[in-house]
Amino acid sequence: MKNLLEAKNLRKYFPIERGFWRKTKAMLKAVDGVSFSIGFKEALGLVGESGCGKTTIGRLILKLLEPTSGAVFLENEDIFKKTTNLNLAEEIQIIFQDPFSSLNPRLTIEEIVGESLIFHKRVRTRQEKRKAVGELLQKVGLNSSFIGRYPHQFSGGERQRIGIARALALRPRLIIADEPVSSLDVSIQAQIFNLMKDLQEEYNLAFLFIAHNLEIVRLFCKRVAVMYLGKIVEIASSDSLFQEPLHPYTQALISATPVADPTVKKKRIVLKGEVSHSIESFSGCPFHPRCFKAIPLCSKVIPSFEEKRDGHWVSCHLVNGK
Ligand code: SF4
């Protein structure tokens, strides 16, 4: 199957500067050799603990950050090459996590949602803009008469709907949803989740769905990638990953997910120790200081990333049978 987006060996290192002369003392490896693809109309989930590099990947795809190395292809065009004719904002948009800080409080909803329509010459007159913004508001379940209001006049869920309308305005093909429901009340989460599902169907959207709530990812995404310290350690279809997680880190994450059935008994795997920093250089598997299955080999040799079953890739010595 042809892919809409393909990331190849993507790296983003941030220098850690110290002292009066701000000399680079070390490198923080936020994203370290990550490869994945997203098909047309596909939702790929990206999960992992805070600070593992999920949001940095989203920012790299949006070209808000320059990569240290690697490439991102949008339908075979490398988005980082200067020769590309792509207008990235028309292809890829973002829904931010925080519906409060992501909307400019000084602008009306008409200006927030309609700004890109004017900039990209999708509308020419004020009337056309008002009409287009009103239609977008209706699409996300808001009254079109709200276009003259300001963000502070809306609740958190309504603001997130406005953020979704803004992301939809240019009819992109891919949306980076960066924890889009995690700062909302549980009852509102379900509404926003259902809205995004409906819009995905209607507009044939592909999603990179960044989250730490595994249940939401399971319901929304066909495939899921699990990140640890800047690397993807497991990637598989949602069914395969949740039914039989292969990497010990994924097993621990899934064991911590609550089940809404009191008869189901689950043994929770509690990881010891803190998440290490991706500044430290490891010999061996980056997860070995916390891994409950580690063997002596794990501290010496980096496990390779191999396909264990059909489309189920994992990076672990035990699974890959060494
Ligand atoms: Fe654990 Fe070793 Fe597998 Fe790493 S390679 S996840 S330390 S068992």
Query raised in the report: Which of Lys2/Lys222; Lys29/Lys231; Lys222/Lys272 have a Cα-Cα distance over 20 Å?
Result: Lys222/Lys272
Report task. Note down the magnitude of the dipole of the chain about its Cα centre, charges +1 on Lys and Arg C-beta and -1 on Asp and Glu C-beta and zero elsewhere, to the nearest 20 debye. Result -> 640
Report summary line: Magnitude of the Cβ-charge dipole (Lys and Arg +1, Asp and Glu -1) of the range 68-129 about the Cα centre, nearest 20 debye, reported as 300
Report task. Decide, for the range 44-87, between rounded, prolate and oblate: order the square roots of the alpha carbon gyration tensor eigenvalues as a ≥ b ≥ c, take rounded if a/c falls under 1.5, and otherwise choose prolate if a/b is larger than b/c, else oblate. Result -> prolate
Query - Where only C-alpha atoms are counted, convex hull volume of the chain per residue in Å³ - result: 170
Query raised in the report: Along the charge dipole of the range 87-208, which of Leu88, Ser182, Ala206 sits closest to the positive end, that is, farthest toward it, with unit charges on the beta carbon of Lys, Arg, Asp and Glu (+1, +1, -1, -1)?
Result: Leu88
**Report entry** Proportion of all alpha-carbon pairs of the range 37-195 beyond 21 Å (%)
**Finding:** 50
Requested in this report: Show the residues, 5+ positions off or on another chain, whose built amide H is closer than 5 Å to the amide H of Leu28.
Outcome: Phe14, Ile16
Requested in this report: Return the percentage of antiparallel bridges among DSSP beta bridges fully within the range 150-273, rounded to the nearest 5 %.
Outcome: 55
Report summary line: Helix 186-203: inclination vs the chain longest Cα principal axis, degrees, rounded to 10, gives 80
Query raised in the report: Counting chymotrypsin sites (Phe, Trp or Tyr not before Pro) as exposed when in a DSSP loop with at most 16 other beta carbons within 10 Å, what is the longest stretch of the chain free of them?
Result: 101-281
Report summary line: Gyration tensor on Cα atoms of the range 217-261, a ≥ b ≥ c root eigenvalues, a/c under 1.5 rounded, else prolate if a/b beats b/c, else oblate, says oblate
Report summary line: For Arg223, the residues 5 or more places away or on another chain with a placed amide H closer than 5 Å to its own amide H are Ala43, Gly45, Ser238
Query raised in the report: Projected onto the charge dipole of the range 100-148 (+1 at Lys/Arg Cβ, -1 at Asp/Glu Cβ, origin at the Cα centre), which of Ser116, Leu137, Ser102 gives the Cα projection farthest towards the positive end?
Result: Ser116
Query raised in the report: Where in the range 80-125 are there trypsin sites (Lys or Arg not before Pro) that are in a DSSP coil and have at most 10 other Cβ atoms within 10 angstrom of their Cβ?
Result: Lys81, Lys82, Arg106, Lys121, Arg124
Report summary line: Which residues qualify? For Lys308, with a placed amide H closer than 5 Å and at least 5 residues away or on another chain, they are Trp313, Val314
Query - Karplus-derived 3J(HN,Hα), 6.51/-1.76/1.60, for each residue of the range 31-41, Hz, glycine and proline x - result: 10, 10, x, 9, 10, 6, 9, 10, x, 4, 6
**Report entry** Three-way shape call for the range 1-82 based on the alpha-carbon gyration tensor, with the a/c threshold at 1.5
**Finding:** prolate
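Taken together, the values in this text are just the output of simple stated rules run on the coordinates, not laboratory data. None of the values given here were measured: they were computed from a predicted structure. In this analysis, Cβ positions are derived from the backbone assuming ideal geometry, glycine residues included, and neighbour counts consider all displayed protein chains.
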